[in-house]
Each structure stands twice: as C-alpha cells, then as structure tokens.
Amino acid sequence: MLNGEPVWENKEALKHIYFAREINAAASSVISGFKVKEYLKIASEYLPNWDKELAEELIKLFHLDKKKRIVKLSKGMTSMLTIVVALASKAEFTFLDEPVAGLDVVARERFYRILLDEFTESGRTFVISTHIIEEAEDLFEEVIFLHKGEILLKENTQELLEHTAYISGKAEEVEEFIKGKQVYGLEKIGRSKGGMVRWSEGEEPEATEDITLQKMHLQKIFISLCGREDDVE
C-alpha cells in the first residue's frame, strides 16, 4: 500500500517506487545479451524520474564499461549496475535487495557514502535488506530483524544500540542485575554468566567490579536474537 492505495498494477503508485534486485545475467536470460548502455536506455524509458546525469556520474565512478554485455560482467560489476539504476531512478521509495553482493570492501564503502549523500540531498526513503549488517549499521534510522519469516524486532537503530549490551560476570551478580530486563542467549561458563541484555528508556545500568557491560553492534544483536530464540527470558 502507498498512501492508502494498492501498488499492484497501479501505474500512478509505481511511479514513486523502485525495487532493485540482483540482475539475472545467466546466458539464458533475456537481458544477458544487452550491453550496459542498452540496459540503461531501457531503464530510462521505464522510470519516469530517471536522472541521466547521475547515472553517467555513477557509471564513471564504478568504472563500468557501457559497451560490455551484461553476461560478461562480473558479480561485482552486475551489482554496481543494479545500484546505478536504483539510485538514478530517483524513486521516492527505493528498495535494495542485497545491494553490495559481490562488491569488495572499497566498493561497498563507496556505495554507502553515495547512498548517504543521496539520502541527505533528496530525502528519499531507502529500504535495504542485507546480511552484511555491522558495516552498514550507520546507515539505518530504523532496523527490522527477520528470522524464518517472522519479525523479531523493529526499532529505531540508535535507541536499540543505546539500550543493549553484552553482560558478563559472576553468575549470582548477573542474575541480580538482569531482573526485570530482557535477556537473550544467556550462557553459564563455570561460575560466570554472559548474554545480551536490554533495558528500558530512562534506565542507566552501570558496570560494577563483578559486572562487565560491553557495547554491541547490530550484527551481534541479530545473532543473539536469531541464534538463541529458546533462551529468551
């Protein structure tokens, strides 16, 4: 739904939406024989808000050969082409499915920087699905964790990080500390215990001589939630 209207076969609504997913570059696919420039030409004709100048700028930045056929592109280059079209679409709501698949760390960092610049300049809404969580966490205003088709968590990213920590220490001290709090993946190792703990707004728990609190990144939080569902207290 977009503004209360269904988007399926809704030409007006679809003008505001672009969904970017991996290009099927297999030799048997329809688009495999297209050259990069031909693929971009088709995109420009179908996307009403196409930004040709931005597309050309990104093509140069990613060193894409416009004369090369898609079937001849590497995995990383195919991802770059997907990113170019997604950003140049200028769609108000742009969805990117695993956009950095196949990109090396330098190219990924470049993409994140470009994405932030575009968001800052245009105010577009970007929805990104990714398994490379930790390096992308600075991008997200809101994070949604999915596992086995279920939503485990939907929360403001900064608030989640501020109210979550890995707690460890003497078992009896940890048990006392976690009373009334959400705990995930609590494990006992000898006389010690450790796990992820969340607390409510307004609480400011502090480490003690026997309790250690360590900041957690989104990836660690995701692992704690998904890998230890049965341990939730």
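Pick out the one residue from Glu142, Glu135, Glu57 that is surrounded by fewer than 19 Cβ atoms within 10 Å (Cβ to Cβ) and either more than 17 Å from the chain's Cα centre (by Cα) or free of Cβ contacts under 8 Å to residues at least 12 places away in the same chain (or both).
Of Glu142, Glu135, Glu57, the one residue that is surrounded by fewer than 19 Cβ atoms within 10 Å (Cβ to Cβ) and either more than 17 Å from the chain's Cα centre (by Cα) or free of Cβ contacts under 8 Å to residues at least 12 places away in the same chain (or both) is Glu57.
Would you mind telling me which numbered condition in (1) surrounded by 13 or more Cβ atoms within 10 Å (Cβ to Cβ); (2) under 28 Å from Gly102 (Cβ atoms) Gly149 fails?
Just one mismatch for Gly149, condition (1).
Here is a check on your reading of the model: is Tyr184 part of a strand (DSSP E or B), within 23 Å of the chain's Cα centre (by Cα) and surrounded by 12 or more Cβ atoms within 10 Å (Cβ to Cβ)?
yes
Tell me yes or no: at least one residue of region 40-48 is outside any helix (DSSP H, G or I) and more than 21 Å from the chain's Cα centre (by Cα).
yes
Mind counting the residues in region 107-139 that are of a type in the set (A, V, I, L, M) and either at pLDDT 90 or above or under 19 Å from Pro48 (Cα atoms) (or both)?
6
Starting from region 146-171, take each residue that is more than 16 Å from Phe222 (Cβ to Cβ) and assigned by TED's automatic domain parsing to the domain that holds Leu225 and list its partners that are part of a helix (DSSP H, G or I) and at pLDDT below 90, counting only C-beta distances under 7 angstrom and pairs at least six apart or across chains.
These pairs meet every condition: Ile167/Phe177.
Could you check Phe19 against (1) assigned to a strand (DSSP E or B); (2) loosely packed, with under 12 Cβ neighbours inside 10 Å; (3) of a type in the set (A, V, I, L, M, F, W, C) and say which number it fails?
(2)
In region 149-180, how many residues are β-branched (Val, Ile, Thr) and more than 21 Å from the chain's Cα centre (by Cα)?
Within region 149-180, residues that are β-branched (Val, Ile, Thr) and more than 21 Å from the chain's Cα centre (by Cα) number 3.
The values are calculated or read from the model by the stated rules, or taken from the named source; none is laboratory data. Since the model is a prediction, treat every value here as computed from it, not as a measurement. Note: ideal-geometry Cβ built from the backbone for every residue, glycine included; neighbour counts use all protein chains shown.
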